[in-house]
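**Q** Questions regarding the structure given below will be posed in turn.
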Amino acid sequence: QEMRDIVNYTQRDFSEQTLVNYAANFGGDLVDLWAGTVGFAVGFEYREQSGSFRPDPVAERGETAGIPSGATAGEFDVSEFYGELNVPLIDNGMYWEANVAARYSDYSTSGDETTYKLSTLFRPIDALSLRASASTGFRAPGIGELFGGAAREDFTFLDPCADVLGVIPVGDGGRDDPDTPGPDPQPAEIQANCATLGVGPGLAQPNPQLSALSIGNDQLEPEESDNVTFGIVYSPAWSEGQAWSDGITLAVDYYAVEIDSAVQGLSPGALIDACVETLDPVFCANTPRTSSGQLGTVQNKLQNLGAIDASGYDIAFSYLSPETSIGTFTLDVDATHLAEYKETTNNPDGTQSVNDLTGQAPDETFFRAFPEWRAVTSVGWSLNRFTGSLRFRLFDDMENEGNALDSAMFTDLRLSWNPSFADDSMTFTLGFNNVLDEDPPVCQECGSQGFNPVVHDIPGRVGYIRFSYQPQ
């Protein structure tokens, strides 16, 4: 116990976020046309946001088994104006409407931008609706991206200046390829650039693991996007009032999003290569070296590096049963198919790299996941003052640095009671997440926790009791 008292400690982090918001919105009918009344909405909003994070001093110094984290503090404000019109075009058995909207945003940190949206809804018959939209988007960087403190990441990389003559064996920290006879030297230009950086030809890199710090950047520009969607909704009248059904709805939507000036962090190895290949002082300042020529900790600030292209389909199905002696039942299925997710990065040498992350769980400091399929299926039940649901959350299998992450399904159970003595203002809920105790797929490249928390639950069941009160 004495040794445990020396080694263990209680980590105490502190964070605070503040939002001040003022908004004014006006809407109503503007003018009557041949197909109906034109509706409008206009508004103004002002927000002040501030946030800070102060890690435990032990964690900040890196004296834990986890990743060292730095303090974060920053703030910004934004003023926004918007306007929207909804115009009916046809209403004579068929129905057709158009919607146009615009929003002006002015950020203290990111400048100003105007975005637009045009959408339409066409209903040739009562049971069928067709919808489509085209819009532009604008996302200003958040406090964490602008002012985020340093978080360390470890990566495996061979220094271009290590063993530039190719004569040191790989096992001793060189680049000599045991399958290739003779030395494997670096090009003369790389040798010369390494010498300019103060690295001699005999430098060995015995440890292939290097470290980098991911850091916020208060010079980031906003992300901008172009978005297109179109879909179909089918809700047939024949499914209502049946002995087996009181309504069915099926919806399928396609989406495509193109984001420019995407906020990303360069690969630390790309920064090292950029310094050695170009001797650009910007890159070399972020890839420091010790007096012996060994690489120090790479400073990897977030940058506006390229573009993101994503497309896919959303599928929704809902079913409502007739009322029975044992209650009313519902079935809802919401599924998403990610057809494409590609990130384009502008490299320091002017070229571009395209990274296809579809179906991937990339090995990164901050976890991300892009399963091709994910779906949530909910079975609902209600009887008198009781309601319940059984929910199934399914995630497709993925690849993680060449390792397969199996598909997983987590099951949640919830039961609620709304007592009559409280005039419908009280609700008591008992629930369990992951009630079947499904373990997440093992992720070998996900650090000490061994799973990807973006899509997978922590191991074990989570039970909860909730009481809510809302005056009627």
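The values are calculated or read from the model by the stated rules, or taken from the named source; none is laboratory data. Quantities reported herein were computed from a predicted structural model and do not represent experimental measurements. Cβ atoms come from the backbone with ideal geometry, glycine included; neighbour counts cover every protein chain shown. Accessible surface is based on the protein model in full, side chains and every heavy atom, while ligands, DNA and RNA are left aside. Shrake-Rupley method; radii C 1.70, N 1.55, O 1.52, S 1.80 Å.
**Q** Which condition breaks for Asn25 when tested against (1) over 26 Å from the mean Cα position of the chain (by Cα); (2) open to solvent by less than 60 Å² (accessible area, probe 1.4 Å)?
**A** (2)
**Q** Being open to solvent by 70 Å² or more (accessible area, probe 1.4 Å) and under 25 Å from the mean Cα position of the chain (by Cα) is true for just one of Asp309, Asp334. Which residue is that?
**A** Values: Asp309 fails: open to solvent by 70 Å² or more (accessible area, probe 1.4 Å).
None of the others qualify; the one that does is Asp334.
**Q** Consider segment 350-378. How many of its residues are open to solvent by less than 60 Å² (accessible area, probe 1.4 Å) and either of a type in the set (A, V, I, L, M, F, W, C) or over 17 Å from the mean Cα position of the chain (by Cα) (or both)?
**A** So in segment 350-378, the residues open to solvent by less than 60 Å² (accessible area, probe 1.4 Å) come out as 353, 357-362, 365, 369-371, 375-378.
Add one more test, that the residue is either of a type in the set (A, V, I, L, M, F, W, C) or over 17 Å from the mean Cα position of the chain (by Cα) (or both), and what stays is 353, 357, 361, 369-370, 375-378.
So the answer is 9.
**Q** Output the number of the condition that Asp176 fails; it satisfies all remaining conditions of (1) loosely packed, with under 15 Cβ neighbours inside 10 Å; (2) of a type outside the set (Phe, Trp, Tyr); (3) touching a strand residue (DSSP E or B) at 6+ places or on another chain (Cβ under 8 Å).
**A** Unmet condition: (1).
**Q** Just the residues that are more than 16 Å from Glu80 (Cβ to Cβ), surrounded by 14 or more Cβ atoms within 10 Å (Cβ to Cβ) and either of a type in the set (A, V, I, L, M, F, W, C) or within 33 Å of the chain's Cα centre (by Cα) (or both), please, taken from segment 31-52.
**A** If the condition is that a residue be more than 16 Å from Glu80 (Cβ to Cβ), surrounded by 14 or more Cβ atoms within 10 Å (Cβ to Cβ) and either of a type in the set (A, V, I, L, M, F, W, C) or within 33 Å of the chain's Cα centre (by Cα) (or both), then Ala35, Val38, Phe40, Ser50, Gly51, Ser52 are the ones that fit.
**Q** Turning to a different aspect of this structure: Given (1) surrounded by fewer than 16 Cβ atoms within 10 Å (Cβ to Cβ); (2) at pLDDT 95 or above, identify the lone condition not met by Asp424.
**A** (2)
**Q** Go through segment 433-471 and count every residue that is in contact with a strand residue (DSSP E or B) (Cβ under 7 Å, 6 or more places away or on another chain), outside any loop (DSSP other than H, G, I, E, B) and open to solvent by 80 Å² or more (accessible area, probe 1.4 Å).
**A** Summing the residues that are in contact with a strand residue (DSSP E or B) (Cβ under 7 Å, 6 or more places away or on another chain), outside any loop (DSSP other than H, G, I, E, B) and open to solvent by 80 Å² or more (accessible area, probe 1.4 Å) in segment 433-471 gives 4.
**Q** Could you give me the residue pairs with C-beta distances under 8 Å whose first residue belongs to segment 15-34 and is closer than 17 Å to Asp77 by Cβ and free of Cβ contacts under 8 Å to residues at least 24 places away in the same chain, whose second residue is among the small types (Gly, Ala, Ser) and part of a strand (DSSP E or B) wherever it lies, and which are 6+ apart or on separate chains?
**A** From residues that are closer than 17 Å to Asp77 by Cβ and free of Cβ contacts under 8 Å to residues at least 24 places away in the same chain, the pairs are Ala23/Gly43; Ala24/Gly43.
**Q** Output the number of residues of segment 5-30 satisfying the condition of being of a type in the set (A, V, I, L, M, F, W, C), in contact with a strand residue (DSSP E or B) (Cβ under 8 Å, 6 or more places away or on another chain) and over 17 Å from Glu80 (Cα atoms). Spell out the reasoning first.
**A** Keep residues of segment 5-30 that are of a type in the set (A, V, I, L, M, F, W, C), which gives 6-7, 14, 19-20, 23-24, 26, 30.
Now narrow it down to the ones that are in contact with a strand residue (DSSP E or B) (Cβ under 8 Å, 6 or more places away or on another chain): 14, 19-20, 23-24, 26, 30.
This time we only want the ones that are over 17 Å from Glu80 (Cα atoms), so: 14, 30.
Counting residues in segment 5-30 that are of a type in the set (A, V, I, L, M, F, W, C), in contact with a strand residue (DSSP E or B) (Cβ under 8 Å, 6 or more places away or on another chain) and over 17 Å from Glu80 (Cα atoms) gives 2.
**Q** Can you tell me which residues in segment 53-85 are charged (D, E, K, R), open to solvent by less than 70 Å² (accessible area, probe 1.4 Å) and under 18 Å from Arg139 (Cα atoms)?
**A** Scanning segment 53-85 gives Asp77, Glu80.
Rundown of residues vs (1) in a helix (DSSP H, G or I); (2) of a type in the set (Val, Ile, Thr); (3) surrounded by 18 or more Cβ atoms within 10 Å (Cβ to Cβ); (4) at pLDDT 95 or above, yes/no style:
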{"site": "Gln242", "(1), (2), (3), (4)": "no, no, no, no"}
{"site": "Leu250", "(1), (2), (3), (4)": "no, no, no, yes"}
{"site": "Ala256", "(1), (2), (3), (4)": "no, no, no, yes"}
{"site": "Val263", "(1), (2), (3), (4)": "no, yes, yes, no"}
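**Q** Something else: Here is a check on your reading of the model: is Asp457 closer than 30 Å to Gly359 by Cα and modelled with pLDDT of 95 or more?
**A** Working: closer than 30 Å to Gly359 by Cα: yes; modelled with pLDDT of 95 or more: no.
So Asp457 fails the test.
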